[in-house]
Structures are given as structure tokens and as C-alpha cells.
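K.L.:
First, the structure itself, so that you have it in front of you.
The values are calculated or read from the model by the stated rules, or taken from the named source; none is laboratory data. Remember, it's a predicted structure, so these values are computed and weren't measured experimentally. In this analysis, Cβ positions are derived from the backbone assuming ideal geometry, glycine residues included, and neighbour counts consider all displayed protein chains. For accessibility, only protein heavy atoms count, side chains too; no ligands or nucleic acids. Shrake-Rupley method; radii C 1.70, N 1.55, O 1.52, S 1.80 Å.
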Amino acid sequence: MNSNKTNNQGKQLLALITARGGSKGLPRKNVLPANGKPLIAWTVTAALEAQCVDRVVLSTDDDEIMSVATAWGCEVPFRRPSELASDTASSIDVVMHALDQLPDYGYVALLQPTSPLRTSVDIDAAFALLQASGAPSCVSVCEAEQSPYWMYRLGEHGTLQALLPERSVASRRQDLPAVYVLNGAIYIARVDWFRATGSFLAEDSIAYVMPRECSIDIDNAEDFEIFRRRVEQN
């Protein structure tokens, strides 16, 4: 363990970066370069610089991703089984597998490379919030771009039916209640609770709010191009 890191009240925090080789939305996205860094390196760097993180490891089935992540300082102590690298495999199962390989941690943070604008400051702040709140988990969110208070379903004959029964009659967006969505950047949980529930999210989870402009989630070529242009302009 890095002696310069905090001891998390005696319980170490494992940062797990997940990246599989097969990506249909944007092939090889995890190793595509942006401002001189492969996409996955943005997350590796943030995790390594976070003071609360004791160990940064990668779960992947792909040799190239493994090589790139290692070059940027990430550990790869095991290979992800092929059955956990399919289109139908869940992130929860991938985290469970990693914890089986590395069982001696009190907390686990899932950090997805597709959220490259999450920083070490965000990781530290989210973990501090988790500990201060006493909640079992902390997940990052951002304010929703579209309010569900102005959303509708279509009825049987094409009639509009309010999505929310308590639909707001506000005529201005700024008068609507603030609503938030998961942005996919940070998921942290106590390992014992995560194993028992099989989830990072529950009613008593605490939210770490991130700005929408830092909440990009790269799924396709357009998303990546927006990210690349942004970081290469700065």
C-alpha cells in the first residue's frame, strides 16, 4: 500500500477500472488517444492521484488494454474471464469477480473509463462524503438535462399522459424541481454491503453531485469526438 495514502480508518479502498475489449458502439474506444493519452489513461491517472485510493487495478480480457493500462501505472493482477466480457455480462458480476480475487478490502470504487472527466478530486470528495454520511454507498450524479416533469407517455389513441402523476405546471424550466441522473463516473460502496446487496445503489445511498459538463459518458464516436475536442482545446 502507498504509505502516502490515507488508511481509510483501517479499511483500504480498492479502485477497480473495468474495460473489456469488445465495444460495439465505438470499437477499441478504451485505447483511443485524446490529447496524448489513451482514453483509459484518464481514469488510471485520476485513480492513482486520489489520496483515498490504496490500490488501482484493472479488470479486462484484452491484451492491448492491459498493456496500455500497465504503461500508465495500473496493476493488472488477474485476467477477466471471457464469460464476464460479453455484451450481457453485468458490471456487478465483474466487480464481484474482482473482489473474489482481491478479498481484503473494506471499500470498492468502480471507475469506468467512459467517464474520463472525473478527477482525483472527485474521487476523494465522493469517498469523504460516503464516510461522513454513514451511508453504505456513494454514487455520482449530475443534474438531468431534460426534466421528467415535462415528459409524457402516449396513450392508446395517441393522447398525452404525464409521466409523473405530480406533473409540475411550472411554465419556466428554472421553476421546476431539480432532478438528477446517474452519470456513471463514480460508484463506491462498503464491500460487505455490496456483497450482501449485489448493488451500488439503494434508498440510503448518498449522491455526489458533479457538474454536467464533467459528466460526459463516452458510448460512441460522437461522444469521443466531443471529449477529444474539449481536452485538446484546454
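K.L.:
When you go through (1) closer than 23 Å to Leu99 by Cβ; (2) in a helix (DSSP H, G or I) one by one for Ser67, which number turns out not to apply?
P.N.:
Just one mismatch for Ser67, condition (1).
K.L.:
I'd like to know if segment 166-187 contains one or more residues that are out of contact with any strand residue (DSSP E or B) (no Cβ under 9 Å at 6 or more places or on another chain), closer than 30 Å to Val44 by Cβ and of a type outside the set (Asp, Glu). Give the derivation first.
P.N.:
Step one: filter segment 166-187 for residues out of contact with any strand residue (DSSP E or B) (no Cβ under 9 Å at 6 or more places or on another chain), giving 166, 168-177.
Now narrow it down to the ones that are closer than 30 Å to Val44 by Cβ: none.
No, segment 166-187 contains no residue that is out of contact with any strand residue (DSSP E or B) (no Cβ under 9 Å at 6 or more places or on another chain), closer than 30 Å to Val44 by Cβ and of a type outside the set (Asp, Glu).
K.L.:
Turning to a different aspect of this structure: Just wondering, is there one or more residues in segment 174-192 that are in contact with a Phe, Trp or Tyr (Cβ under 7 Å, 6 or more places away or on another chain), modelled with pLDDT of 95 or more and open to solvent by 40 Å² or more (accessible area, probe 1.4 Å)?
P.N.:
Yes, because at least one residue in segment 174-192 is in contact with a Phe, Trp or Tyr (Cβ under 7 Å, 6 or more places away or on another chain), modelled with pLDDT of 95 or more and open to solvent by 40 Å² or more (accessible area, probe 1.4 Å).
K.L.:
Could I ask something else about it? Taking the criterion of being surrounded by 13 or more Cβ atoms within 10 Å (Cβ to Cβ), more than 24 Å from Ala202 (Cα to Cα) and not basic (Lys, Arg), would at least one residue in segment 158-169 satisfy it?
P.N.:
Checking segment 158-169: at least one residue is surrounded by 13 or more Cβ atoms within 10 Å (Cβ to Cβ), more than 24 Å from Ala202 (Cα to Cα) and not basic (Lys, Arg).
K.L.:
While we're here: I'd like to verify a number: residues in segment 218-229 that are touching a residue at least 12 places away in the same chain (Cβ under 8 Å) and either aromatic (Phe, Trp, Tyr) or surrounded by fewer than 16 Cβ atoms within 10 Å (Cβ to Cβ) (or both), how many? Outline the logic, then answer.
P.N.:
First, pick out the residues of segment 218-229 that are touching a residue at least 12 places away in the same chain (Cβ under 8 Å): 218-221, 223-224, 227-228.
Still in the running and either aromatic (Phe, Trp, Tyr) or surrounded by fewer than 16 Cβ atoms within 10 Å (Cβ to Cβ) (or both): 219-221, 224, 227.
Total satisfying the criteria: 5.
K.L.:
Just to be sure before I move on: is Asp54 loosely packed, with under 13 Cβ neighbours inside 10 Å and at pLDDT 95 or above in the structure I sent? Full working, then the answer.
P.N.:
On the way: loosely packed, with under 13 Cβ neighbours inside 10 Å: no; at pLDDT 95 or above: yes.
It is false that Asp54 is loosely packed, with under 13 Cβ neighbours inside 10 Å and at pLDDT 95 or above.
K.L.:
Show the residue pairs meeting these rules: Cβ distance below 8 Å; 6+ apart or different chains; first residue within segment 86-113 and over 15 Å from Val191 (Cβ atoms) and without any contact (Cβ under 8 Å) to a residue 40 or more places away in the chain; second residue among the aromatic types (Phe, Trp, Tyr) and open to solvent by 20 Å² or more (accessible area, probe 1.4 Å).
P.N.:
Correct list of pairs: empty, since none qualify.
K.L.:
Going through segment 124-138 one residue at a time, which ones are in contact (Cβ under 8 Å) with a residue 24 or more places away in the chain and either surrounded by fewer than 16 Cβ atoms within 10 Å (Cβ to Cβ) or out of contact with any strand residue (DSSP E or B) (no Cβ under 8 Å at 6 or more places or on another chain) (or both)? It would help to see each step written out before you state the result.
P.N.:
Kept after step one, since they are in contact (Cβ under 8 Å) with a residue 24 or more places away in the chain, are these residues of segment 124-138: 124-131, 133, 135-138.
Correct list: Asp124, Ala128, Gln131, Ser133.
K.L.:
Which is open to solvent by 50 Å² or more (accessible area, probe 1.4 Å) and in a helix (DSSP H, G or I), of Val94, Val121?
P.N.:
Values: Val94 fails: open to solvent by 50 Å² or more (accessible area, probe 1.4 Å).
Matching residue, one of Val94, Val121: Val121.
K.L.:
If you don't mind, there's one more thing I want to ask. What pairs come up if the first residue lies in segment 1-29 and is within 22 Å of Arg190 (Cα to Cα), the second is at pLDDT below 55, and their beta carbons are under 8 Å apart, counting only those six or more places apart or on different chains?
P.N.:
These pairs meet every condition: Gln12/Met1.
K.L.:
Can you pull out the residues in segment 199-234 that are aromatic (Phe, Trp, Tyr) and either in contact with a helix residue (DSSP H, G or I) (Cβ under 6 Å, 6 or more places away or on another chain) or in a helix (DSSP H, G or I) (or both)?
P.N.:
At the first step, the residues of segment 199-234 found to be aromatic (Phe, Trp, Tyr) are 200, 208, 224, 227.
Selection gives Tyr208, Phe224, Phe227.
K.L.:
Related question: Run Ser67 past the list (1) open to solvent by 40 Å² or more (accessible area, probe 1.4 Å); (2) modelled with pLDDT of 95 or more; (3) under 16 Å from the mean Cα position of the chain (by Cα); (4) not hydrophobic (A, V, I, L, M, F, W, C) and report the number of the one that doesn't hold.
P.N.:
Only one criterion in (1) open to solvent by 40 Å² or more (accessible area, probe 1.4 Å); (2) modelled with pLDDT of 95 or more; (3) under 16 Å from the mean Cα position of the chain (by Cα); (4) not hydrophobic (A, V, I, L, M, F, W, C) is unmet by Ser67, namely (3).
K.L.:
Among the residues of segment 159-174, is any under 20 Å from the mean Cα position of the chain (by Cα) and touching a residue at least 24 places away in the same chain (Cβ under 8 Å)?
P.N.:
No: zero hits.
K.L.:
Continuing with the same structure: Determine which single condition Arg80 fails, assuming it passes every other condition in (1) open to solvent by 20 Å² or more (accessible area, probe 1.4 Å); (2) part of a loop (DSSP other than H, G, I, E, B); (3) not aromatic (Phe, Trp, Tyr).
P.N.:
(1)
K.L.:
For Val141, work out the one condition from (1) in a loop (DSSP other than H, G, I, E, B); (2) touching a residue at least 60 places away in the same chain (Cβ under 8 Å) it doesn't fulfil.
P.N.:
Result: Val141 fails condition (1) only.
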